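Rule-based calculations on the coordinates, nothing more; no lab input. The model shown is predicted, which means the values in this text are computed figures rather than measured ones. Reconstructed Cβ throughout: ideal geometry from the backbone, glycine too, with neighbour counts over all protein chains shown.
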Amino acid sequence: MKKDITCIVCPKGCTIHVEYDETGIKSMEGYSCKRGIEYATAEILSPTRMVTSSVKTDNARYTVCPVKTSKPIGKDKIQDVMKSICCVKVKAPVRQGDVIIKDVCGTGADIVATQTLEALEKE
Ligand code: SF4
């Protein structure tokens with residue numbers, strides 16, 4: 001199999017051509033430094049992504065709170081993680097960095113709030 005990968009480690013954006021099969025990577029061309037080799041290898045063997053989304057809120061001015069994973073997770077887990085996130089409702093106040101879901105779907109990553117939301121004042 002062949003795949004062209006754009007390295008996003010630095011602004012140069014090298015296009016790395018990779019040939020691989022089920023046993024591993026056979027050849028790689030187009031990178032300009034070893035960081036590109038590491039990036040392309042990870043993209044082929046175990047691709048990961050940061051996930052950003054939002055959760056519903058209660059007792060806050062805004063109806064949703066933006067969240068993200070605390071570290072990249074395997075691409076194969078993204079759908080499960082999104083399902084977990086969509087079921088959650090957080091009650092304000094929420095602080096930026098608060099853990100909303102610990103070890104989401106057993107990935108070792110937490111879902112954390114990326115914005116502070118104050119609680120609505122009682123009238
Ligand atoms: S291979 Fe090296 S030089 Fe090219 S984009 Fe990646 S990090 Fe930058």
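Structure notes:
- Taking other residues whose beta carbon is less than 15 angstrom from the beta carbon of residue 3, and scoring Lys, Arg as +1 and Asp, Glu as -1, yields -3.
- Taking each of 26/83; 3/68; 34/71; 2/68; 12/68; 26/71 in turn, the alpha-carbon distance tops 25 angstrom for 26/83; 3/68; 2/68; 12/68; 26/71.
- Max mean-square fluctuation residue, GNM over the chain, Cα-Cα springs under 10 Å, options 53, 32, 84: 32
- Region 1-77-region 97-121 distance, computed between alpha-carbon centres (Å): 22 Å
- Once exposed loop trypsin sites (Lys or Arg not before Pro) are cut out (DSSP; at most 15 other Cβ, 10 Å), longest piece of the chain: 13-60
- Cα-derived Rg to Rh of the chain, Kirkwood definition: 1.15
- In the frame of its principal axes, region 2-45 has Cα extents of 31, 14, 13 Å, reported largest first.
- Applying both filters, DSSP loop and at most 10 other Cβ atoms within 10 Å, to the GluC sites (Glu not before Pro) of region 1-88 gives 22.
- The fewest-to-most ranking of 58, 98 by surrounding Cβ atoms within 10 Å reads 58, 98.
- Local charge for residue 27 was computed over the other residues whose Cβ lies under 14 Å away, with Lys and Arg +1 and Asp and Glu -1, and equals -1.
- Values of log10 I(q)/I(0), in the order q = 0.21, 0.22 Å⁻¹, for region 52-113 under a Debye, Cα-only, solvent-free model: -0.75, -0.81
- Taking 20, 39 and counting other C-beta atoms within 10 Å, the order from fewest to most: 20, 39
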